1. Tally the residues that are of a type outside the set (Lys, Arg), without any contact (Cβ under 8 Å) to a residue 60 or more places away in the chain and farther than 13 Å from GLY133 by Cβ, restricting the search to region 57-78.
2. Specify the residue that is nearest to the ligand (Cβ to nearest atom); the eligible residues are those in region 54-83 that are in a helix (DSSP H, G or I) and exposed (fewer than 14 other Cβ atoms within 10 Å of the Cβ).
3. For the structure I just gave you, tell me whether GLN108 is away from the ligand (no atom under 16 Å from the Cβ) and part of a helix (DSSP H, G or I).
4. Being within 23 Å of GLN149 (Cβ to Cβ), part of a helix (DSSP H, G or I) and either within 18 Å of the chain's Cα centre (by Cα) or small (Gly, Ala, Ser) (or both): is that true of LEU28 here?
5. Name the residue that is nearest to the chain's Cα centre (by Cα), counting only residues in region 43-53 that are over 21 Å from PRO145 (Cβ atoms) and within 16 Å of the ligand (Cβ to nearest atom).
6. Count, please, the residues in region 33-42 that happen to be touching a strand residue (DSSP E or B) at 6+ places or on another chain (Cβ under 6 Å) and either within 13 Å of the ligand (Cβ to nearest atom) or in contact (Cβ under 8 Å) with a residue 24 or more places away in the chain (or both).
7. If you take the residues in region 87-104 that are free of Cβ contacts under 8 Å to residues at least 40 places away in the same chain, of a type outside the set (Phe, Trp, Tyr) and part of a helix (DSSP H, G or I), which one is surrounded by the most Cβ atoms within 10 Å (Cβ to Cβ)?
8. Taking region 2-32 as the region of interest, how many residues are within 12 Å of the ligand (Cβ to nearest atom) and without any contact (Cβ under 8 Å) to a residue 12 or more places away in the chain?
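The values are calculated or read from the model by the stated rules, or taken from the named source; none is laboratory data. What you are looking at is a predicted structure, and each value in this text was computed from that prediction instead of being measured. Neighbour counts are summed over all protein chains in view; Cβ atoms, including those assigned to glycine, are modelled from backbone coordinates with ideal geometry.
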Amino acid sequence: MRARSAIVVSGQVCELREVVLRNKPQALLDASPKASVPVLVNVAGRVIDQSLDIMLWALERNDPLAWLRPAQGDLTGMLKLIGECDDEFKFHLDRYKYPQRYENVDGQEHRAEAGRWLEQLESRLATHRFLFGDRMGLADAAIAPFVRQFAHTDLEWFARQSWPHLQAWLLQWSESSLFDRIMDKYPPWEPGASIVVFPDPSSRLAEIAQ
Ligand SMILES: N[C@@H](CCC(=O)N[C@@H](CS)C(=O)NCC(=O)O)C(=O)O
């Protein structure tokens, strides 16, 4: 989702191969033995297998909405916050969402820990519409998918928390035209399948910029 958002915004055009994780195609394992998604193979054959690196690859090529140059702060600050999200917040999110996959884990404790991290997002969003100022940036696009997963684990509980700015930020993102584009569903790829172009060629950047 992260990677797709940056690909759409930067205007890169890719061949998309949808992967079902319980049935990973050999072509994925050949490209990246780590076998997690997303993986991007560029035209020179470089394999990029971290979603944040795919975002940076796309935006370094073309960044028309200045996602790498936030209205407040800088790229280093955004990368630091994204790093916290990927390490600390994601650790607790996984254990809140799937406590049964871990030994001796209390999902509610991890929800509370993850919630503490969200408090700082709430404070940031109390002063600006987005995490680094009044324009959407890399940090918003990289972090929102995980906050959405957290919210959807128990939507009623999430709605009861006094995080009005965070809730409004998440709603705004999930109602955006960019969100619609990146949530499009595709059939799983298999060898010999016809090429699927992403983003859909009818995509219009002007809509997304709103
Ligand atoms: N740090 C990686 C994490 C990627 C990751 O964990 N992807 C999950 C799906 S969202 C996955 O592919 N897991 C492998 C599996 O379940 O077999 C990134 O951001 O790209």
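1. Count: 6.
2. Residues of region 54-83 that are in a helix (DSSP H, G or I), as a first pass: 54-61, 75-83.
If we keep only those that are exposed (fewer than 14 other Cβ atoms within 10 Å of the Cβ) too, we end up with 60-61, 76, 80, 83.
Details: GLU60: 17, ARG61: 19, THR76: 19, LYS80: 16, GLY83: 11 Å.
The extreme case among them is GLY83.
3. Details: away from the ligand (no atom under 16 Å from the Cβ): yes; part of a helix (DSSP H, G or I): yes.
Spelling it out, GLN108 is indeed away from the ligand (no atom under 16 Å from the Cβ) and part of a helix (DSSP H, G or I).
4. Against the criterion (within 23 Å of GLN149 (Cβ to Cβ), part of a helix (DSSP H, G or I) and either within 18 Å of the chain's Cα centre (by Cα) or small (Gly, Ala, Ser) (or both)), LEU28 does not qualify.
5. VAL47
6. 1
7. In this case the residue turns out to be HIS92.
8. The qualifying residues number 4.
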